[in-house]
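Q: Handing you a structure now.
The values are calculated or read from the model by the stated rules, or taken from the named source; none is laboratory data. The shown structure was predicted, so the numbers you read here are calculated from the model rather than taken from an experiment. Note that each Cβ is placed from the backbone with ideal geometry, even for glycine, and that neighbours are counted across all protein chains shown.
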Amino acid sequence: MEKIRYPFSALVGQELMKTALLLNVIDPSIGGVLIKGERGTAKSTGVRALIDLLPEIRVVKNCPFQCDPDDTDSLCPLCRDRVRNGETLAVVQRPIRLVNLPIGTTEDRLLGTIDIEEAIKKGKKAFEPGLLAEAHRGILYVDEVNLLNDQIVDLLLDVAASGVNIVEREGISFTHASRFVLVGTMNPEEGDLRPQLLDRFGLCVSVKAAASVEERLEIIKRRIAFETDPEGFRKQWAAEDTRLREVIRRARENLNRIIIPDEMYELAARLAMAMETDGHRAEITIVKAARAHAALKEKSEVGKEDIHMAARLSLPHRVKKNPLERKEFDEEKLVQLIDQHETHQDRTSGEWKPLYQNKPPHTKDKVSAASPLSCVTHLCPGSHIPVIPQIPWYRIQPGSHPGRRFPFPSRHKSGICSGLRLPGPQDRDFDLSLSGTLRAAAPYQLKRGMNGKVVIKSQDLRFNRRRRKTGLTLMLVIDSSASMRTNNRMSRTKGIIEALIRDMYLHRDKLGIITFRHTDAEVLLPLTHNMHDAISRVEELPVGGRTPLAKGLSLALKHLNQEMQKNPEAVPVIMVFSDGRPNVSCYGSDPLEETLALAREIRRKGIQAVYVDTELDPMAMGYGYIISQRMNATYIPMDRLLKENSGL
């Protein structure tokens, strides 16, 4: 039963999102669109409604790889064999398809695999196409793309970059074209997108809920009308959808006839330079999107209005910025740059110097620092820090790949299946891969001759190769008492924390921040993967009052205990930034004794700890080293983390 879709024309507002989707339908070479926004803003509804507007294309009849009969160089091996045998390829027309990529998809389903039925019946190693074959010349849609498994993302990126899917597995060698428009939706609150995947999207749109009461009322009325009578509601908007479909058809036909003046090429390049984008994808995408926008508006030539719209869609995810700070795209700056270019058309030589200058970053008296994790490469002499089973301490150091701090193989049934492996001496049957075993045995069934019965031998057995991946679950405990004002301690601490957060952001770890001052501690940032606001919150941290260190440790212990219960494979770590001078009793006894008691409890719970001593005076009376010993923590004086002292 086919689900009735909401009409594209009936969407209220979200004009940028609708424009970005239409531009990619008109010119698929733009590279897709990423739609970011909070829950309930019609992201998925808009993408699925696009199906009814997609134009028709010519494909080879019954070809599972959606081959274009007019592009003989890109025919799949099956169609190429048919042509070589003198067969005429039958052609049909059908709409462009929108293929959904589920979050839990497997490698076999994505790339394709051996056709087990064909192998068992005929003893041949035939190829069964996957989602990448189905998405060829169409749209590949990933809902919640930021939650996609890293292994699937890597495979997807390889194919998206090359336009070719190469499958080498289980005795199968198969290559076919796979060019598609990648459309993704995501809620930034659920985590960030890997930079490698983010850059693959040609356009990026941030959507928000309607800001006016009138728009919200219209949304309510249309949605209720659709749910009450879906077919009747679609008939009301059928004429508008038909009009849009015709506009898209004409735009696709006229796309290559659109004239792009040299000054528009120049404007696109200057906008990309002024916005300090990396590489050259930005200006190329601006020109392509501007040409598609001119075709959509039924113009014959690209103008600055088209460049303006294209830049709004092409630049937000490419401008150089701190990836951990939430920044809005500077629309005012873009308008000023376009206006400036128009008033300087008569210049003939010399380097262009924009009137709008980027403001220098405000450092707030911070110092350059290294991530503390880069210094935690060994244990203190004569000590051993207990860890969660099967996760060694030496893994807690920056890796060479983003998002892969703790990948390790698993012989248990839990974890991500990353392929198949031959059985080992310690393997049991409970993690046997049925499909892998059948695929290995299928080509030999005719030789084994059991009249249709499948014969499995020991050499056919295949087990799942599993990987469990985890990262740090780090709770920062920051001393913001009055003593942190002396010797510029807090500004140094903020610089170190910023380097730490950048490292954790790249490795997709989990971070929480607790501060303590006066007589209490507070959670500045709950444990989360979303670190966009982490640096700004630390920057605004006030300093003053006394030092309730025990309260900060107690609150951190509580939150990490809760996280360990929800996620047993997490690597819980407490990192304390303090001068080790507790002077507030939180539970009615001596402040130092309370702190040491909580430090011992952290050690007993098996929570790893790092103590960064902010006391820079070696003759001072801080108890940082003693507290770190009670926690069995790695003790690091703060000056070791500063680049001018550490040489890092």
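Q: Does residue 145 satisfy being in contact with a strand residue (DSSP E or B) (Cβ under 6 Å, 6 or more places away or on another chain), at pLDDT below 85, under 30 Å from residue 189 (Cα atoms) and of a type in the set (Val, Ile, Thr)? Spell out how you get there, then give the answer.
A: Working: in contact with a strand residue (DSSP E or B) (Cβ under 6 Å, 6 or more places away or on another chain): yes; at pLDDT below 85: yes; under 30 Å from residue 189 (Cα atoms): yes; of a type in the set (Val, Ile, Thr): yes.
Yes, satisfied.
Q: Would you point out the residue of the stretch 230-246, among those that are in contact with a helix residue (DSSP H, G or I) (Cβ under 7 Å, 6 or more places away or on another chain) and either among the charged types (D, E, K, R) or part of a helix (DSSP H, G or I) (or both), that is surrounded by the fewest Cβ atoms within 10 Å (Cβ to Cβ)?
A: First pass over the stretch 230-246, keeping only residues in contact with a helix residue (DSSP H, G or I) (Cβ under 7 Å, 6 or more places away or on another chain): 233, 237, 240-241, 244-245.
Restricting the remaining residues to those that are either among the charged types (D, E, K, R) or part of a helix (DSSP H, G or I) (or both) gives 233, 240-241, 244-245.
Numbers: 233: 20, 240: 13, 241: 17, 244: 20, 245: 17.
Only one residue tops the list, namely 240.
Q: If you scan the stretch 559-584, which residues turn out to be modelled with pLDDT of 90 or more and surrounded by fewer than 22 Cβ atoms within 10 Å (Cβ to Cβ)?
A: Hits for the stretch 559-584: nothing passes.
Q: Suppose the filter is in contact with a strand residue (DSSP E or B) (Cβ under 9 Å, 6 or more places away or on another chain), in a strand (DSSP E or B) and either within 24 Å of residue 583 (Cα to Cα) or at pLDDT 85 or above (or both); does residue 515 pass it? Talk me through it step by step, then tell me what you get.
A: Details: in contact with a strand residue (DSSP E or B) (Cβ under 9 Å, 6 or more places away or on another chain): yes; in a strand (DSSP E or B): yes; either within 24 Å of residue 583 (Cα to Cα) or at pLDDT 85 or above (or both): yes.
Here the answer is yes, as residue 515 does meet what is asked.
Q: Go over the candidates 126, 135 one by one and state the one that is in contact (Cβ under 8 Å) with a residue 12 or more places away in the chain, under 22 Å from residue 43 (Cα atoms) and either assigned by TED's automatic domain parsing to the domain that holds residue 48 or touching a strand residue (DSSP E or B) at 6+ places or on another chain (Cβ under 7 Å) (or both). Write out each step before concluding.
A: Details: 126 fails: under 22 Å from residue 43 (Cα atoms).
The unique qualifying residue is 135.
Q: Going through the stretch 530-551 one residue at a time, which ones are surrounded by 16 or more Cβ atoms within 10 Å (Cβ to Cβ) and within 20 Å of residue 498 (Cα to Cα)?
A: First, pick out the residues of the stretch 530-551 that are surrounded by 16 or more Cβ atoms within 10 Å (Cβ to Cβ): 530-532, 534-535, 538, 541, 543, 545-551.
Across the stretch 530-551, the qualifying residues are 530, 531, 532, 534, 535, 538, 541, 543.
Q: Within the stretch 258-298, can you find the residues that are outside any helix (DSSP H, G or I) and buried (at least 16 other Cβ atoms within 10 Å of the Cβ)?
A: Taking the stretch 258-298 and keeping what is outside any helix (DSSP H, G or I), we get 258-261, 275-280, 297-298.
258, 260, 275, 277, listed by residue number.
Q: With (1) modelled with pLDDT of 80 or more; (2) not in a loop (DSSP other than H, G, I, E, B) as the list, and residue 153 as the residue in question, which single condition is left unmet?
A: Every listed condition holds for residue 153 apart from (1).
Q: In addition: Only one of 513, 497, 478 is surrounded by 21 or more Cβ atoms within 10 Å (Cβ to Cβ) and under 19 Å from residue 623 (Cβ atoms). Can you tell me which? Before the answer, list the steps.
A: Numbers: 513 fails: under 19 Å from residue 623 (Cβ atoms); 497 fails: under 19 Å from residue 623 (Cβ atoms).
Going through 513, 497, 478 in turn, the sole match is 478.
Q: Pick out the one residue from 61, 122, 36 that is at pLDDT below 85 and either crowded, with 21+ Cβ neighbours inside 10 Å or not acidic (Asp, Glu) (or both).
A: On the way: 61 fails: at pLDDT below 85; 36 fails: at pLDDT below 85.
Of the residues listed, the single one that is at pLDDT below 85 and either crowded, with 21+ Cβ neighbours inside 10 Å or not acidic (Asp, Glu) (or both) is 122.
Q: With the checklist (1) at pLDDT 80 or above; (2) over 35 Å from the mean Cα position of the chain (by Cα) in hand, flag the one item residue 619 doesn't pass.
A: With respect to (1) at pLDDT 80 or above; (2) over 35 Å from the mean Cα position of the chain (by Cα), residue 619 is out only on (1).
Q: Okay, moving on. Starting from the stretch 256-276, keep only residues that are among the β-branched types (Val, Ile, Thr), then list their pairs with residues that are surrounded by fewer than 18 Cβ atoms within 10 Å (Cβ to Cβ) and not in a helix (DSSP H, G or I) whose Cβ atoms are within a distance under 8 Å, requiring at least 6 positions of separation or different chains.
A: The qualifying pairs are 258/299; 258/300; 258/301; 259/300; 259/301; 260/301.
Q: Can you tell me which residue is modelled with the lowest pLDDT among those in the stretch 275-312 that are within 23 Å of the chain's Cα centre (by Cα) and among the polar types (S, T, N, Q)?
A: Only one residue tops the list, namely 277.
Q: Okay, next question. Please enumerate the residues belonging to the stretch 585-614 that are surrounded by 23 or more Cβ atoms within 10 Å (Cβ to Cβ), of a type outside the set (D, E, K, R) and not in a helix (DSSP H, G or I).
A: Once the filter is applied, which keeps residues that are surrounded by 23 or more Cβ atoms within 10 Å (Cβ to Cβ), of a type outside the set (D, E, K, R) and not in a helix (DSSP H, G or I), the stretch 585-614 yields 607, 608, 609, 610, 611, 612, 614.
Q: Only one of these conditions is not met by residue 170: (1) at pLDDT below 85; (2) under 30 Å from residue 56 (Cα atoms); (3) over 30 Å from the mean Cα position of the chain (by Cα); (4) of a type outside the set (S, T, N, Q). Which number is it?
A: Of the numbered conditions (1) at pLDDT below 85; (2) under 30 Å from residue 56 (Cα atoms); (3) over 30 Å from the mean Cα position of the chain (by Cα); (4) of a type outside the set (S, T, N, Q), the odd one out for residue 170 is (2).
Q: What's the number of the only condition in (1) assigned by TED's automatic domain parsing to the domain that holds residue 161; (2) more than 13 Å from residue 183 (Cα to Cα); (3) aliphatic (A, V, I, L, M); (4) surrounded by fewer than 17 Cβ atoms within 10 Å (Cβ to Cβ) that residue 90 fails to meet?
A: Single failed check for residue 90: (1).
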